[in-house]
Number of protein chains: 2
Amino acid sequence: MPSLYHQPLCPQSRFIRLALAEHGVEPQLIEERPYERRREFLALDPAGETPLLIDDTGLIVPGAVTIAEYLDETGGVALGENRLLPSDLAGRVEVRRLVSWFTQKFYGEVSNWLLTEKINKRFMTNGGGAPDMDLVRAARANIRYHLHYIGYLTQQRNWLAGDKLSYADLAAAAHISVADFLGDVPWDEDETAKLWYARVKSRKSFRALLNDRVPGITPPAVYADLDF
Amino acid sequence: MPSLYHQPLCPQSRFIRLALAEHGVEPQLIEERPYERRREFLALDPAGETPLLIDDTGLIVPGAVTIAEYLDETGGVALGENRLLPSDLAGRVEVRRLVSWFTQKFYGEVSNWLLTEKINKRFMTNGGGAPDMDLVRAARANIRYHLHYIGYLTQQRNWLAGDKLSYADLAAAAHISVADFLGDVPWDEDETAKLWYARVKSRKSFRALLNDRVPGITPPAVYADLDF
C-alpha cells in the first residue's frame, strides 16, 4: 500500500488526496507537520514539504505536481475517458497551466497565508504566535479575483480546463476547500464558481477531505454541505 | 518559427531558452517586462509571466514547467540518448523533483529577490525605487546552501539528476546564472558545484545567455569565462 505524508489542511496535500482517490488508490495517510523540520522526513526529501508519496516499490515521489505527473504516467491511461491529464497536446497544456495557477499563484497569493497564519501558527512551538492579520486580509482580497476567474472559465466550459474533469479542477477545489474551511470564500460574489465547486465537492473523492477536522477550528456550516 | 516571450535576466526564461536550444529549436525572442502588465501580453495568458511560448500552430504554452513538459512531449523522443526528461519512471521523478526545487524553491529563496530588487526595480516606472537590501542579503545567505546541495549531488553523479544532462541541470544553471551575472554566487565555497557549473555553461546552448547584457549592470569577469 502506498504511503502519503500529508497535512489535513495543506491544499497541496488535498490536491493529491483527490488525485489518488480519482485514480482508485487508497494510500496509508501519515500526518506530517513540515514546519517541525522532522529529521526522518527531511531524509526522505530535503525540500521537506507535503505531500510526499512512497509507492509500493519504495519510490519516493515528492511534491504535488511531480506526484500528479507520476500518477498520470502510471495510471492515467487506465482511467480511459476519465483521465485527469488529457491525451491531446493542447489539453495537457491547458490543464498544466491551470494546475500551476492554483498550486503556485493561488498558493502564493491566498492559501499559503491562510494556512500559515490561521492554522499552522496554532501548532508551532517555534515561530508561532498571533496570526498576521495583514496577510490574512491580503489573502481575502486576492481570493476574489481567483473566484471570478473560476466563474469566468466555467461559464464557457463544463469544467475548469475543458469538457471533462481534470487535475485543474482537483487542484483548484483543493485550494478553495482550505479557504472554505476557514470561512474565507466570498461565495456570494460568483454564482457560477459556486455551482462549479458544489459539483466538485459532491464527488466521492472529496468525502474524506470534508470530514477532516483540526482541533480548535470549526468550519462554517456550508463547508461540508454538498448543496451549499 | 515559434516565439518566446522572455526577459533576458529572468531565470525561468533562461531555463526555457536552454531547453529550446538543446532541442534544436531557435525561437523568435520577444522581450517582455511582466511587471509592466501589458494588456496584449495578459491577453495571451492572464498569469502574465515570462516565459511564454507560442508554437508554429499558434498554441500558447505559458510557464517554464509547462513549456518543458511540452518540449519533451513534442521533441523528447527525437533527442534519443540526450533526452532531457528521462524515459524511466524513477528518472522522471528525480528530474521533476529538482526542476521544482530550482524553479520554485530556489526562485522563492534566491532568484526572485535578486531579479526584483537588483534588476527589475531599475526599470519599473511604478513600484520601483531602491533595492531592499534585506531581501538581497537574505538571497545571498540562502544561495549558499543551494550551492552546497548542488555540490553534494554532483559529487555522487555525473550530472544533477543522474548520469546524463537533464532539465534539472538546465533549470539549476539558469537560476545560478542570474545570481552569477550579479556577482552573488560564492564560488569559493564549493569546488564541486563550480566544476559542474563550468561544464553546463560550456555547452553551446548557453552561449546566447552569456552574451545578454542589461543597461547599467556589468557582470563580473568570471560570468562569461568558460574556464572561470
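Quick one: how many residues across the range A:201-225 are farther than 15 Å from A:C10 by Cβ and in a loop (DSSP other than H, G, I, E, B)? Give the steps one after another, and end with the answer.
Step one: filter the range A:201-225 for residues farther than 15 Å from A:C10 by Cβ, giving A:201-207, A:210-211, A:215-216, A:218-225.
Now restrict to residues that are in a loop (DSSP other than H, G, I, E, B): A:202-203, A:215-216, A:218-220, A:225.
Residues flagged as farther than 15 Å from A:C10 by Cβ and in a loop (DSSP other than H, G, I, E, B) within the range A:201-225 amount to 8.
For residues in the range B:31-45 being assigned to a loop (DSSP other than H, G, I, E, B) and surrounded by 16 or more Cβ atoms within 10 Å (Cβ to Cβ), which is nearest to the other protein chains (Cβ to nearest Cβ)? Can you show your working first?
Keep residues of the range B:31-45 that are assigned to a loop (DSSP other than H, G, I, E, B), which gives B:32-33, B:37-38, B:45.
So of that shortlist, the ones also surrounded by 16 or more Cβ atoms within 10 Å (Cβ to Cβ) come out as B:32, B:45.
Numbers: B:E32: 17, B:D45: 7 Å.
Filtering the range B:31-45 for residues that are assigned to a loop (DSSP other than H, G, I, E, B) and surrounded by 16 or more Cβ atoms within 10 Å (Cβ to Cβ), the one nearest to the other protein chains (Cβ to nearest Cβ) comes out as B:D45.
Residues that are touching a helix residue (DSSP H, G or I) at 6+ places or on another chain (Cβ under 7 Å) and over 26 Å from B:A19 (Cβ atoms): does the range B:166-188 have at least one?
Yes; the residues of the range B:166-188 include at least one that is touching a helix residue (DSSP H, G or I) at 6+ places or on another chain (Cβ under 7 Å) and over 26 Å from B:A19 (Cβ atoms).
In the range B:62-95, which residues are facing another protein chain (nearest Cβ under 8 Å) and assigned to a helix (DSSP H, G or I)? Let's see the steps before the verdict.
First pass over the range B:62-95, keeping only residues facing another protein chain (nearest Cβ under 8 Å): B:62-63, B:65-66, B:69-70, B:73-74, B:89-90, B:92-93.
Listed by number, the residues that qualify are B:V65, B:T66, B:E69, B:Y70, B:E73, B:T74, B:L89, B:A90, B:R92, B:V93.
Determine whether A:N120 is at pLDDT below 95 and more than 11 Å from every other protein chain (Cβ to nearest Cβ). Let's see the steps before the verdict.
Working: at pLDDT below 95: yes; more than 11 Å from every other protein chain (Cβ to nearest Cβ): yes.
Spelling it out, A:N120 is indeed at pLDDT below 95 and more than 11 Å from every other protein chain (Cβ to nearest Cβ).
Among the listed residues B:L165, B:L115, B:L98, B:L170, identify the single one that is away from chain A (no Cβ under 14 Å), under 20 Å from the mean Cα position of the chain (by Cα) and over 18 Å from B:A198 (Cβ atoms). First the steps, then the outcome.
Numbers: B:L165 fails: over 18 Å from B:A198 (Cβ atoms); B:L98 fails: away from chain A (no Cβ under 14 Å); B:L170 fails: over 18 Å from B:A198 (Cβ atoms).
When all the criteria are applied, what remains is B:L115.
Please determine whether any residue of the range B:131-139 is outside any helix (DSSP H, G or I) and not assigned by TED's automatic domain parsing to the domain that holds B:E69. Don't jump to the end; show me each part of the working.
As a first pass, look at the range B:131-139 and keep what is outside any helix (DSSP H, G or I): B:131-132.
Narrowing the set further to residues that are not assigned by TED's automatic domain parsing to the domain that holds B:E69 leaves B:131-132.
Yes, the range B:131-139 contains at least one residue that is outside any helix (DSSP H, G or I) and not assigned by TED's automatic domain parsing to the domain that holds B:E69.
Specify the residue that is surrounded by the most Cβ atoms within 10 Å (Cβ to Cβ); the eligible residues are those in the range A:99-127 that are touching a Leu at 6+ places or on another chain (Cβ under 6 Å) and not charged (D, E, K, R). Walk me through how you get there before you give the answer.
To start, the set of residues in the range A:99-127 that are touching a Leu at 6+ places or on another chain (Cβ under 6 Å) comprises A:113-114, A:117-119.
If we keep only those that are not charged (D, E, K, R) as well, we get A:113-114, A:119.
Numbers: A:W113: 21, A:L114: 24, A:I119: 20.
Ranking the candidates gives A:L114 first.
Would you mind stating whether A:I16 is over 25 Å from B:H148 (Cα atoms), within 12 Å of chain B (Cβ to nearest Cβ), among the aliphatic types (A, V, I, L, M) and buried (at least 18 other Cβ atoms within 10 Å of the Cβ)? Explain how you work it out, then say what you get.
On the way: over 25 Å from B:H148 (Cα atoms): yes; within 12 Å of chain B (Cβ to nearest Cβ): no; among the aliphatic types (A, V, I, L, M): yes; buried (at least 18 other Cβ atoms within 10 Å of the Cβ): yes.
No; evaluated as a whole, the condition is false for this residue.
Out of all the residues in the range B:46-61, which are over 18 Å from the mean Cα position of the chain (by Cα), at the interface with chain A (Cβ under 10 Å from one of its Cβ atoms) and in a strand (DSSP E or B)?
Selection gives B:I60 alone.
Across the range A:142-165, which residue is surrounded by the most Cβ atoms within 10 Å (Cβ to Cβ) among those that are touching a helix residue (DSSP H, G or I) at 6+ places or on another chain (Cβ under 8 Å) and among the charged types (D, E, K, R)?
Top of the filtered list is A:K164.
The values are calculated or read from the model by the stated rules, or taken from the named source; none is laboratory data. Because the structure is predicted, anything quoted here is derived from the model rather than measured. Here Cβ is always computed from backbone atoms with ideal geometry, including for glycine, and neighbour counts include all displayed protein chains.
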